[in-house]
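So the structure is just underneath, and the comments pick up after that.
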Amino acid sequence: MCGIAGFSGPDVRADGARPVLEAMIHTLHHRGPDGYGFHAADGIGLAHARLSIIDLATGDQPIRNERGDVWTVFNGEIFNYIELREALVAQGHRFYTQSDTEVIVHLYDRYGDAFVDHLNGQFTIALWDARRRRLVLARDRAGIRPLFHTRARGRTWFGSEIKALLVAVPERATLDPLGIAQALTYWAPADPDTAFAGVRSLPPGHLLAIEADGTETLRQYWDWTFPERDAAPAFSSIEQATAELRSLLVDAVRLQLRADVPVGAYLSGGLDSSGIVAMIRGFTETPVRTFSVAFEDAEFDESAHQQAMVRHLGTDHTTVVVSRREIGAAFPRFVRHAEAPVLRTAPVPMMLLSARVREQGYKVVLTGEGADEVFGGYDLFREAKVRRFWARQPTSHFRPLLLGRLYGYLKNSPVRNPAFAQSFFGQGLEHIDRAIFAHVPRWTTSQRALNFLSPELRASLGGWDPLAAYERRLPPAIADWRPLARDQYVEAKSLLAAYLLAAQGDRVAASNSIEGRVPYLDHRVIEFGNRLPEHYKIRGMTEKYLLRRALADLLPTDIVTRTKQPYRAPDSASFFVNGKAPDFVDDLLSAERLRRAGYFDPAMVGRLVDKCRAGRATGFADNQAFVGILSTMLLDEHFVRARAAAPSPTAA
């Protein structure tokens, strides 16, 4: 985990770039508090904020090749760097550090833009080819690390976070109506769009090359792909698949433990994170410290399961207990790091947990993210399976009763009332043949927040259709995949990369100078999972069937058989403890402040605030709308209003 920033263009001069580079990289100090590095030359400025994890002595960036004509700054880790280095040395390359970063410039020398194909890691890379005066930006396959860029003043500007761009190009500090609408519907702006007008996210698995003449080429080098629906089976038996999965997961964990500092792990009490810790304990010599978050509210608390796993694995463990009041108080800081509207408060406790991890002297933690997306773990997947079964006989009153086996962990579950469940989950049955079928109920619920938009902002969206708009982003091949594969692809792109790995992953960990690593998203694991038949993932109504088999002898039976309970936190209730809101809530959601900002209808928001204050906002739609509105107003406060008053750094 580090921070990178910089810019390229024909007018960039070595002697004038440093002040702007310093201003940009200082905004990313939280990502890399262990030191700054710079490279400025005609045509390019590169800056790096380091969180030192590998090669503490000589791994400072930027890093160059032997000739000094290829330079790079890099955020993340290349987990197979030892193997890559050995191969490159055998081919005649000379290294001057022990860092994972240095393999990047040598791979580029040998393979050109195809260097990314050789990397096993989580990364964003900026590479400058001085001979060709060419800038290359690359992002890891799953989108674990972020990278943003914009064109302004004849230059390409880039950074690990948008705030690094805004300090140099303050005219980009304007919220984009489409980005807001996407976040209020899909839970996050859809790559490459962001919440800021003119600022783009480099999509996962993509490489962007900017040539000397300014020509840009965006190339996708990797994607989640699945077999066609009639493809021959990839595995001879479930026993073979189980053995292969176990071996692959152990190797992914082994690689991701590589560090020159102690490594910890998050332990939620569920199958995924427990499996990671169990593999560390059972197959490596690495001592592991575990950390978890618990809640004062029993509805959200999983501490009993966490403690059971601590006893089973014998780990040295720390639990952070979080209250509603703490979530509400920390929310503004979280939004400043998230840089996008959000619909849930769940990332905030993870931010508070990462602070404790840092206090305990750790910089690296392994997490269980990604297992649900790869192996079919979410209720959304099982829900879609039932809804497809139901859609074959839409008048049936018995088929939708299977939905009663879902969402048992919810206090106000939509399946408690069978009539309501049939009405709610019956939405969109006519979309059964569309790739976004599984996501229609979720997006129908969240997009109710669009009703709170101001008439002016709504008009600027024209006839925007969220479902059709998202479908246009999907690859044509998706039509030939099995239903679960389509559901997984949309989930991987809309929720995993855009929200979970960003707001709930990278941003909250980086806010406290912590690097999160995700073994389930080793691209080899993803590719393996994508080749599995549907019934190896969901058998009957049992989710993650194959993963449960692969971990069965490492974990207690009750953990292996436990139904998935998604991580959640109290939403609007976090801002109205005993009916009283923090001052920032009353200020930002006042009629006058809403009117000046222009994003939302003050009268409608006022009624929603009253409902939340009275504790009557118990459904998903109200809670998500409230959090989405508040986070958007915080973005306006942190970036639009603040940037308008801030001076621009000295021009390079």
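For the reader, a short list of remarks on this structure follows.
- Within the same chain, lysines fewer than 8 places from residue 611 are excluded, and of the rest, those with a Cα less than 29 Å from its Cα are 411, 580.
- Each peptide in 134-147, 169-182, 82-95, 516-529 gets a packing score, the mean of other Cβ atoms within 10 Å over its residues, and the list from highest to lowest is 134-147, 516-529, 169-182, 82-95.
- Straight-distance crosslink candidates among lysines, where the alpha carbon sits under 17 Å from residue 537 and sequence neighbours closer than 8 are dropped: 385, 564
- Look at where the Cα atoms of the stretch 298-338 and of the stretch 568-591 average out, and the two centres are 20 Å apart.
- Sorting 225, 217 from the fewest to the most surrounding beta carbons within 10 angstrom yields 217, 225.
- Per residue Cα convex hull volume in Å³ - calculated over the chain: 152
- Order of 108, 81 under a 10 Å beta carbon neighbour criterion, fewest first: 108, 81
- What separates the Cα centres of the stretch 160-176 and the stretch 187-264 is a distance of 27 Å.
- Oblate is the label for the stretch 84-124. Its Cα gyration tensor axes, ordered a ≥ b ≥ c, give a/c of at least 1.5 and b/c at or above a/b.
- In straight-distance terms, cross-link reach from residue 163 covers every one of the lysines whose alpha-carbon lies under 27 Å from its own, apart from those fewer than eight places away in the same chain; here that gives 363, 493.
- Neighbour-count ranking [beta-carbon atoms within 10 angstrom, fewest first] of 580, 163: 580, 163
- Sorted into 5 angstrom bins from 0, the C-alpha pair distances of the stretch 3-220 split as 1, 7, 16, 20, 21, 17, 10, 5, 2, 1, 0 percent.
Values in this text are rule-based calculations from the coordinates and carry no lab data. In this text the structure is predicted, and so the values were computed from the model without any measurement. Quick reminder, even Gly has a Cβ in these numbers, built from the backbone with ideal geometry, and neighbours come from all protein chains shown.
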